[in-house]
1. Being crowded, with 24+ Cβ neighbours inside 10 Å and polar (S, T, N, Q) is the filter here, so list the residues in segment 167-186 that pass it.
2. Looking at segment 309-395, what helices (runs of 4 or more DSSP H) fall wholly within it and have at least 1 residues that are surrounded by fewer than 17 Cβ atoms within 10 Å (Cβ to Cβ) and of a type in the set (K, R)?
3. Checking A185 against (1) aliphatic (A, V, I, L, M); (2) touching a strand residue (DSSP E or B) at 6+ places or on another chain (Cβ under 8 Å); (3) in contact (Cβ under 8 Å) with a residue 60 or more places away in the chain, only one condition comes out false. Which one?
4. Output the residues belonging to segment 331-353 that are more than 16 Å from A185 (Cβ to Cβ), of a type outside the set (D, E, K, R) and either within 14 Å of the ligand (Cβ to nearest atom) or in contact (Cβ under 8 Å) with a residue 40 or more places away in the chain (or both).
5. Has segment 13-25 got at least one residue that is touching a Phe, Trp or Tyr at 6+ places or on another chain (Cβ under 6 Å) and in contact (Cβ under 8 Å) with a residue 60 or more places away in the chain?
6. Among the residues that make up segment 377-391, is at least one of them closer than 16 Å to Y282 by Cα, touching a strand residue (DSSP E or B) at 6+ places or on another chain (Cβ under 7 Å) and small (G, A, S)?
7. Name, by its number, the condition in (1) more than 16 Å from T250 (Cα to Cα); (2) among the hydrophobic types (A, V, I, L, M, F, W, C); (3) out of contact with any strand residue (DSSP E or B) (no Cβ under 7 Å at 6 or more places or on another chain) that does not hold for V420.
8. Tell me whether segment 124-132 contains one or more residues that are free of Cβ contacts under 8 Å to residues at least 24 places away in the same chain and away from the ligand (no atom under 11 Å from the Cβ).
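The values are calculated or read from the model by the stated rules, or taken from the named source; none is laboratory data. Keep in mind that this is a model prediction, so the values were computed, not measured. No Cβ is skipped: glycine too gets one built from the backbone with ideal geometry, and neighbour counts run over all protein chains shown.
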Amino acid sequence: EAFNAAVAGAAELNAFIVTTPDHALSAAERVDADRAAGKPLGKMAGVPIGMKDLFATKGVQTTAASHILEGFEPEYESTVSQNLWNAGAGMLGKLNLDQFAMGSSNETSYFGNVSSPWRKEGTNAAMSPGGSSGGSSAAVSARIAPAATGTDTGGSIRQPAAFTGICGIKPTYGRCSRWGVVAFASSLDQAGPMARDVTDCAIMLEAMAGFDPKDATSLDMPVPAWEAGLDADLRGKKVGIPREYRMDGTDSEILDSWERGKEWLRDAGAEIVDVSLPHTKYALPAYYIVAPAEASSNLARYDGVRYGLRELPDGAGLQDMYAATRAAGFGDEVKRRILIGTYVLSAGFYDAYYNQAQKVRALVSRDFSEAFKQCDVILAPTTPTASFPLGEMSDDPLAMYLNDVFAVPASLAGLPAMSVPAMTNKDGLPLGLQLVGKAFDEQGVLNAGLAIE
Ligand code: GLN
């Protein structure tokens, strides 16, 4: 009954692409049986979670919210989802997202927009839940699921978490296996949890993370006991405030929330210090070269032969079939990324764009290494604005890309970063604050987050 009530709520938000109540129920039954038999229970025992529809789930349609994968039922389970089932979790369903995780508003899904459960006070316009993990943020924020998986290539866990008043952490690149996660930009893609608070994120991340020989970039390091290590006492810790994040176009309410965040961390015992990340302004343009370049290569596999959709016009040859399938199967934003990606990788432009972007990426990384000589964790806004009404920005890709301006530097550097709810603005909409940590120091990020939430 609870499930059906939740599904009705979810239908209004369009958060799920498919629902899988039996999966959640059988996990709960297994937990009951284990408990009765006196067996130890996993970290996520009986917790019904939402699964972003970017994770391959055995026998359950996996679409990346694209027409080109409609009907695709993988014969294998992603490592991250398998880790969650092994820890006792069950799946409520596959959550809607921006198509191939490309977007910041959840408006590029083939299966329709997701709307946020939040409204501007006094209005009823449907608001964006953020993207690309917009089904995840909407479902957790509306309390339809206690937690959900997300993925973050350039902010897709943090920005939707900020827009909907929940927590989400992108761990250090390599912590969570990418095996069985539909690839967007492989050198940036990271899975992570989205949940109501920092503690739930710590618990779920422990269950998701771990070395996986099937992912060549998986970190061969033990998973720390993050939950046990949670501690909001920040005495002796230094929090860096990057001066380059004070950018034009950032709402004054965002700057106010940043000031309050400093106060909260100071109250928890931390010392606030100024730091500099001089190449910040080049991070966004570099990201929008590197990510589409990798995407254009990763998406070459959708050819009408191996997965999902096949368009075979009468009398068509192989090339026609490729072209017809890709023309019909990919959405506009995905095509835009493929065009950008193939352009920046093409002979003659490669050095001017792709190589330059890679150099910028190295400089952005170096900025963080230098800054972390002076502080333990960095505090910044997650987004330059609060959530916006659906439709307001959907035909302006550049304005949409600007949403990611505070999120992409940590992505380029592969660092752990989390968004925690900070406050609501004058319209009653949530604002998030971002914590960025040293590589492998998810604990420092979680602890600073705990002091803020
Ligand atoms: N909004 C960014 C993009 O569209 C980030 C997406 C993501 O992190 N998956 O590329």
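1. Hit for segment 167-186 is S177, nothing else.
2. Details: elements: 318-329, 332-345, 356-371.
Result: 332-345, 356-371.
3. Of everything listed in (1) aliphatic (A, V, I, L, M); (2) touching a strand residue (DSSP E or B) at 6+ places or on another chain (Cβ under 8 Å); (3) in contact (Cβ under 8 Å) with a residue 60 or more places away in the chain, A185 misses just condition (2).
4. G331
5. Looking through segment 13-25, at least one residue is touching a Phe, Trp or Tyr at 6+ places or on another chain (Cβ under 6 Å) and in contact (Cβ under 8 Å) with a residue 60 or more places away in the chain.
6. We begin by selecting, within segment 377-391, every residue closer than 16 Å to Y282 by Cα; these are none.
Checked against the condition, which is being closer than 16 Å to Y282 by Cα, touching a strand residue (DSSP E or B) at 6+ places or on another chain (Cβ under 7 Å) and small (G, A, S), segment 377-391 yields no hits at all.
7. All conditions are met except number (3).
8. yes
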